[in-house]
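Here is the structure we will look at.
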Amino acid sequence: MSSPRLLSTAPVLPVTDVGATAKWYAEHLGFRVSVHPETPPHAFGMACRDAVELMFRCARSVGPSGDWDVYVRMRGVADLYRDLQGRGVTIVEPLRTKDYGQTEFAIEDLNGTRLVFSEGDDV
């Protein structure tokens, strides 16, 4: 008998408009998206890009946490940072190398959710 093995995680983010959120992730960050049910009002959505998956669930109210909500480890962080500039994406922390060795930046989506994109030796 083999040991249980955790394979991945996908954050489930509360949003007030699943359809608008899915559209924003597709248009601004290049995610493939789906919503359920297919016709509004949508109760749930998913966004996928490379090995990253985010889920959205409909909530009555949401607000910015002021802190990081999703931390994405990646390769090519400087290229992504350049790609997102001028595309209507709110960059809340500019690209820089932190004292813990990661090079990262943070954005905020239309719901106030903060995503950090990070690259370092441990990726």
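Every number in this text was worked out from the coordinates using simple rules, so none of it is lab data. In this text, all values refer to a predicted model and were calculated from it rather than measured experimentally. Note that each Cβ is placed from the backbone with ideal geometry, even for glycine, and that neighbours are counted across all protein chains shown.
General observations
- The set of residues from the stretch 4-22 being over 13 Å from the mean Cα position of the chain (by Cα) and surrounded by 11 or more Cβ atoms within 10 Å (Cβ to Cβ) comprises Thr16, Asp17, Val18, Gly19, Ala20.
- Evaluating Val116 against the criteria (1) among the β-branched types (Val, Ile, Thr); (2) within 11 Å of the chain's Cα centre (by Cα); (3) in a loop (DSSP other than H, G, I, E, B) leaves one unmet condition, (3).
- If you go through the stretch 34-59 and keep only what is in contact with a Cys (Cβ under 9 Å, 6 or more places away or on another chain) and aromatic (Phe, Trp, Tyr), you end up with just Phe44.
- None of Val89, Val77, Val33 is without any contact (Cβ under 8 Å) to a residue 60 or more places away in the chain, surrounded by 11 or more Cβ atoms within 10 Å (Cβ to Cβ) and closer than 20 Å to Pro14 by Cα except Val33.
- Any strands (runs of 3 or more DSSP E) falling wholly within the stretch 31-99 and containing at least 1 residues that are of a type in the set (Asp, Glu): 52-58, 90-97
- Filter result for Gly30 (farther than 25 Å from Glu119 by Cβ, within 14 Å of the chain's Cα centre (by Cα) and of a type in the set (Gly, Ala, Ser)): no
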